[in-house]
1. For the chain, set up a GNM with springs between Cα atoms under 10 Å and report which of VAL215, VAL91, VAL258 has the largest fluctuation.
2. Rule-of-thumb check for the chain: C-alpha Rg over 2.2 N^0.38 Å?
3. Taking the Cα centre of the range 325-430 as the origin and placing charges on Cβ (Lys, Arg +1; Asp, Glu -1), which of GLY343, ALA404, LEU361 is farthest toward the positive end of the dipole?
4. When the chain is fully extended, how far beyond the present Cα-Cα distance does ASN287 get from ASP150, taking 0.36 nm per residue of separation?
5. For the pair ALA404/GLU363, report the inter-label distance in nm, with labels modelled 7 Å from Cα in the Cβ direction.
6. With a cap of 16 neighbouring Cβ atoms within 10 Å, and only residues DSSP puts in a loop, list the trypsin sites (Lys or Arg not before Pro) found in the range 37-77.
7. Could I get the Rg over Rh figure for the range 331-430? Both from C-alpha atoms, Rh via Kirkwood, rounded to two places.
8. For the range 226-299, what is the accessible area per residue in Å² when the probe is 1.4 Å?
Amino acid sequence: MTDKIFQEKVGPVALTIVPTQKYKSNKIVFKFRAPLERETVTKRALLSILLETNSEKYPTQTDFRKQLANLYGANFYTTTAKKGNEHVLTVIFDMIDGQYVSDGNHILEDAFAFIEEALFHPNVANGAFNEETLAREKENLKSSLEGIYDDKIRFASKRLIEEMFRDDAFRFGSAGILEDIDAITAKDLYEYYLQFIAEDTVEIFICGDVTKEEVMPLIEKMAFAPRADRKGVFYTKEAPKEVRIIHEQQAINQGKLVLGYQTDTLFGDEDFVALQLANGLLGGFANSKIFINVREKASLAYYASSRIDSFKGYMVISAGIDEVNYEQALSIIEEQVVAMKQGDFTEDELNQTKEMLINQLLETNDQAQGLIELVYNNVLREANLDLENWIAKIKQATKEEVVAAINKIKPDTIYFLSKGGEELHGKNNI
């Protein structure tokens, strides 16, 4: 079971405890948040990798991982993500609940000691990160970013976002910018680390069988300096008056068609749940219009689906097609959007989509990280959409509300990646 969530400010840090006895482990998550900017996004991506690699006390990866093994096989890792125009660096510590191991009374304290070592005592000498470690991780980051080019589905989605938000910092990926990596020195990165640890908004989430009495003293010991409170920056973009159509060519076997729409709806907005259902009916599930009409009936797509981003307010429809089918596939996709706007779906189809969305939510929130992410989304948007409330809103949503939500979406950009060699007849080709 999950008891009442506890939230309180502990010095400059916002603490949230999600108490539950569902698991035999506890999850500790630190969320570091700063504005998404070209000047810092790659530094933050590198910093994320370095923090999970070694530290002053554990200067090699072997030392670092050996200590985690000593903590009953704990897991420590970091991620980066975009939430609207916020760049979020997440530090995650997974550990077994102390009651399930011998001498487990100190395991929570030991976990926080390890996290503090990783965060506040990085592997630094003479005002610079360890050169060998940085050089290795820069190469690893390069390889990761270069891998996007080889994954054409991800590449096409990346290019769509770059074009849709070409005048907005949201165009930058959370994992950094390939061409910015080489210029970052060990000294540069350490100077930015000092800014990061002193200025980032810090939110801590703990999910498990823990109490505030156990946790708060451990957080109070951590050396977080006072910092200004800063709310997240979340705003939607207006769609252009004329849709941009962009065709690019590479040596590929299968064309990638990606359509971007502006939704004017964010997480927690009054019509957010209705838009989720609209997306589910349009392309979110296997019973959706796009999947059935583009992939199943017309056999035009190897894959076809839609998704929404609820912190930037856009929808993406993706399909893998042969380029000779470009116009037909595009036409059928656009017909499905029109059909949704006209309410061309049954109550049975809506109810089936409601069940699928509820099951998806229950699966996501059956894990500690899913519970934490839901709470974090509500914190960021100052919303009140916990799991129970969310499911209730899904059940209560009407067909009229779903139609109203989908009617707000407006086309922004069409991106098509093809192998070339065929005449493409779309206008405004770039």
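The values are calculated or read from the model by the stated rules, or taken from the named source; none is laboratory data. If you're wondering where the values come from, they're calculated on a predicted model, not measured in any experiment. Counting neighbours? That spans all protein chains shown, and the Cβs are built from the backbone with ideal geometry, glycine included. Note: accessible area is taken over every heavy atom of the protein model, side chains too, but ligands, DNA and RNA are not part of it. Shrake-Rupley method; radii C 1.70, N 1.55, O 1.52, S 1.80 Å.
1. With Cα springs under 10 Å in the chain, the top fluctuation among VAL215, VAL91, VAL258 is at VAL215.
2. On the way: Rg = 23.4 Å, N = 430, 2.2 N^0.38 = 22.0 Å.
Ratio of Cα Rg to 2.2 N^0.38 Å: 1.06.
3. Value: ALA404.
4. Numbers: separation 137, 0.36 × 137 = 49.32 nm, distance 3.01 nm.
Length gained, ASN287 through ASP150: 46.3 nm.
5. Here the modelled spin labels are 3.1 nm apart.
6. Numbers: sites: ARG38, LYS43, ARG44, LYS57, ARG65, LYS66; in loops: LYS57.
Those satisfying the criteria are LYS57.
7. Values: Rg = 18.8 Å, Rh = 17.0 Å.
Rounded to two decimals, Rg over Rh is 1.10.
8. On the way: 3510 Å² over 74 residues.
Ligands and nucleic acids excluded, the result is 47 Å² per residue.
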